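These notes are about the structure you will find just below.
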Amino acid sequence: FIADLKTMTFVHTLSRELSRQQVMIMTITFSNLTSKYNEYQKNVRLPLFVVLLDTEETMYEFAKTTKGIKPISFPIWLVVFLQHLGNPLKEYCTHPANNIFNVDVSTQMLVLCYNRPILVEWYAIHDNYTRTFDLATWSPDRGLILRTQENLYARRSDMFGDVVRVTIVNNSPLVSLKNGTMGGFFGLLLLELSKVMNFTIKILDPVDSYGSWNPQKNSWTGAIGKLVDNEADIGVAAFTITNERLNHIDFTIPLISTQYRLYMHQPITPYVQWVFSPGVWGTLMMIIIIASIILTVIKTKGFSMSLMSENYIKVWGIYCQQGLPEFPVELSMKLAFFSIYASSVIILSTYFASLISYLALNTAKLPFSTLEGYVKDGTYKLIVLQNSAEYDIPLYTKNPLLLKMYDLLEDKDYLPFNNSEGFKKICERMDLAFYATEVSKIDIYMQCEVVYINTGRIDNNAITLKKGSPYTHFINYHLRRFQLNGVLNKLQNQNPSKIPVRVISNFTVGIADVTPVLTIVAVNMILSLFILIIEKMYYSFKTPNSKNNKSVTKFTHNLNVRNKLREEY
C-alpha cells in the first residue's frame, strides 16, 4: 500500500525485484483495500499485505482502514515505518500504547520500525492494548534469525488474565454448575483451558435451552443467542454441530461423538407370549397333515380314510414325544417315520430353547426395531427438546425418512425444555418416543424402564464461540494437545456416566412369566381328560354288545353240542 508519492521509486524498484523472483505483486491504495477486502478473502489464500507508513496522516488512514475490514487476521501484514524528517512515528512504532491498528490475538502482523533490525509481532488480547513480541533479528551476515521455534499458538497462549464470558445451559449433560463452580466433562475441560491459556472465567446466568432459530423474531434463542448478540464469548454444553449453526457461531473441534436414539417406555409384557408365531404353528399343522397323507399313500399305494386317521394320531404322538405301538417292517415306512422323528426332535428343541430363553430374559419387545419401522408403525408420537438442534432438523434436512418422522412431532408447547423432563414424559405415556443422543441419559434418574432403538445418525458435540472469535484456533490448538497428552482421556475417566444403577437381586420368575407353559400343561390335561372320557364312553358302549354277541355264540355252540349228543344216542 502506498503511503506517500515519495515512496513511488522505492515501490517500483521493489516490484521489479519481486517480479524477477516470480512473486506476484499488486499496488493499491487504502480505499481500494476497503472495497475489495471481501473479494480477496474469497479468491486469495493467505496473502502478504505490505504497508508503508511515514507520516501520522498515513498511519491514521491505515488505522481507519483496519477498523472497517473484518476479519483483520485474514492476511499476513508487514508494516514498515519509513524514514521521514524527524521520524514522527517513532514513539508509536517502539511503544504502541493502544490498539491503533485494531489487531486481535490471531492477527499476524510484523512491524519493522525504521532502522531497527528486529521484526516485532503486534497483537492484542481482548483489551485495548497492543502486545509485542520480538520474533526475528536481521543480520547483514547471517540474514534473518528467528528468536523462537514456537508456533503462533504457543507464542500467544498467555491471555494475561483476560476475562472470558461463559454461558451454560441448564441441565445439560456433561456440565454442571454448583456454588459457582463448574463440573462435568465440559466444565473441567474449560477450567484446564483457563489454566494453560491464563484467562479468567466469568460465568453468566444459565439459560434454559441450547438455542434455535426463531423466524418470527428473526433471531436466535438460548445460549446461541447469547453468542450471536455478543453477550457471551464461549458456550459450554453438549452443543450439536450443524451446518446452520456454523453460519452464525464457531465450534471447537468435536469432543464427544454419540449416537442418536429413540427412547421409549418399555412396553408392558403381554400376559401370554407364545414362543412360536401363529404362522409357525400353522406350518407345523400342515406338516403333520401332509406327513399323515404320505404315510397312508406309502402303506396302501392309495388312499384310506381310516388308515389316514390312524397315521395322523401316530404323527401327533411322535411330535408329542410318544412312541409307536409297533415299528413298521417296510424300509420306506421306516425312512418316513425316521424323518418325522428327526423333524420332531429339531422342532421341539427349538421350541424349548426359545421358551427357556424367554423365561431367562423376560423383556418385552417393541413393535419395531428400526427408524423405518417406527415411522411405518405411526402409533408413537415424537418429542424433542425445545430450541435445540433436534428441533431445527426439519428446517434444513432433505432426508425423507426424518421428515416423515417429524410428522409425528407433538405440539411445541408440549415439548420438554431439558432431558430430565423429556424422560419423565415418556415414562408418563406409553405412546411417546424421545429423540435424543445417548449422552442425554447421563445424570438422569429414570422413573421407569426405558428402551431405545438406534437411528443410525451420529451427533458430534463441541464447545461454541462467537462467530469469527480470535480464540477459536488457539483453543483448538490446546484441545489437540490435550488429546495427545491424555488430558481428555483423564477428564473422561474422572466423569463417568452417573446413571442411577438399580440394585439387582436374585432373579425371580413370576406367575405371569410362566403363563405359556402353564397354559400348555392345562390345555393338554383338559384335552387328555376329554379324550379319556370319549374312550370310556366308547368302551362302555361297545362292551355290552360284545358280551351279548359272546352269549349268543356260546348258547348256539352249546345247543349244537346237545343236538349232536342226542343224535348219537
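The values are calculated or read from the model by the stated rules, or taken from the named source; none is laboratory data. As the structure is a computational prediction, the values presented were derived from the model and not from experiment. Neighbour counts run over all protein chains shown; Cβ positions are idealised from the backbone, glycine included.
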Problem set entry | Among residues of segment 135-169, those that are more than 23 Å from VAL196 (Cβ to Cβ) and in contact with a Leu (Cβ under 8 Å, 6 or more places away or on another chain), counted | 5
Problem set entry | Some residue of segment 145-168 being more than 29 Å from the chain's Cα centre (by Cα), assigned to a strand (DSSP E or B) and assigned by the TED database to the domain that holds TYR92 | yes
Exercise. Wholly within segment 348-458, which helices (runs of 4 or more DSSP H) include no fewer than the required count, namely at least 3 residues that are closer than 30 Å to ASN247 by Cβ?
Worked result: 393-396, 400-406, 419-428
Exercise. If LEU355 satisfies every condition in (1) in the same structural domain as LEU307 (by the TED database); (2) at pLDDT 85 or above but one, which is the exception?
Worked result: (2)
For this session: Hey, can you tell me all the residues within segment 209-219 that are outside any loop (DSSP other than H, G, I, E, B) and not hydroxyl-bearing (Ser, Thr, Tyr)?
Result: TRP213, ASN214
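Consider segment 374-409. How many of its residues are among the small types (Gly, Ala, Ser) and either touching a residue at least 60 places away in the same chain (Cβ under 8 Å) or closer than 22 Å to SER440 by Cβ (or both)?
Residues meeting the conditions: 2.
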For this session: Mind counting the residues in segment 122-153 that are among the hydroxyl-bearing types (Ser, Thr, Tyr) and under 23 Å from ILE100 (Cβ atoms)?
Result: 4
Exercise. From LEU348, LEU403, LEU366, which residue is surrounded by 11 or more Cβ atoms within 10 Å (Cβ to Cβ) and within 30 Å of ILE293 (Cα to Cα)?
Worked result: LEU348
For this session: Among what's in segment 120-134 and is part of a strand (DSSP E or B), under 45 Å from the mean Cα position of the chain (by Cα) and of a type outside the set (Ser, Thr, Tyr), pick the residue that is surrounded by the most Cβ atoms within 10 Å (Cβ to Cβ).
Result: ALA124
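Among THR27, THR94, THR66, THR13, which is surrounded by fewer than 13 Cβ atoms within 10 Å (Cβ to Cβ), out of contact with any Lys or Arg (no Cβ under 7 Å at 6 or more places or on another chain) and free of Cβ contacts under 8 Å to residues at least 40 places away in the same chain?
Result of the check over THR27, THR94, THR66, THR13: THR13.
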Exercise. Out of all the residues in segment 185-203, which are under 29 Å from the mean Cα position of the chain (by Cα) and either modelled with pLDDT under 90 or outside any helix (DSSP H, G or I) (or both)?
Worked result: ILE203
Exercise. (1) surrounded by 13 or more Cβ atoms within 10 Å (Cβ to Cβ); (2) closer than 18 Å to VAL111 by Cα: which one isn't true of GLN41, the others all being true?
Worked result: (2)
Exercise. So which residues in segment 220-258 are among the hydroxyl-bearing types (Ser, Thr, Tyr) and either touching a Pro at 6+ places or on another chain (Cβ under 7 Å) or part of a loop (DSSP other than H, G, I, E, B) (or both)?
Worked result: THR221, THR242, THR252
Problem set entry | When residues of segment 433-450 are limited to those that are buried (at least 16 other Cβ atoms within 10 Å of the Cβ) and more than 25 Å from GLY183 (Cα to Cα), the one nearest to the chain's Cα centre (by Cα) | TYR435
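This table checks each residue for (1) exposed (fewer than 11 other Cβ atoms within 10 Å of the Cβ); (2) in contact with a Ser or Thr (Cβ under 7 Å, 6 or more places away or on another chain); (3) modelled with pLDDT under 85; (4) outside any helix (DSSP H, G or I).
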position: GLN273; (1), (2), (3), (4): no, no, yes, yes
position: VAL280; (1), (2), (3), (4): no, no, yes, no
position: ILE288; (1), (2), (3), (4): no, no, yes, no
position: THR296; (1), (2), (3), (4): no, yes, yes, no
position: GLU310; (1), (2), (3), (4): no, no, yes, no
position: GLY317; (1), (2), (3), (4): no, no, yes, no
position: GLN321; (1), (2), (3), (4): yes, no, yes, yes
position: ALA336; (1), (2), (3), (4): no, no, yes, no
Exercise. When SER172 is evaluated against the numbered criteria (1) closer than 30 Å to GLN108 by Cβ; (2) touching a strand residue (DSSP E or B) at 6+ places or on another chain (Cβ under 9 Å); (3) not in a strand (DSSP E or B), which criterion, by number, is the only one it fails?
Worked result: (1)
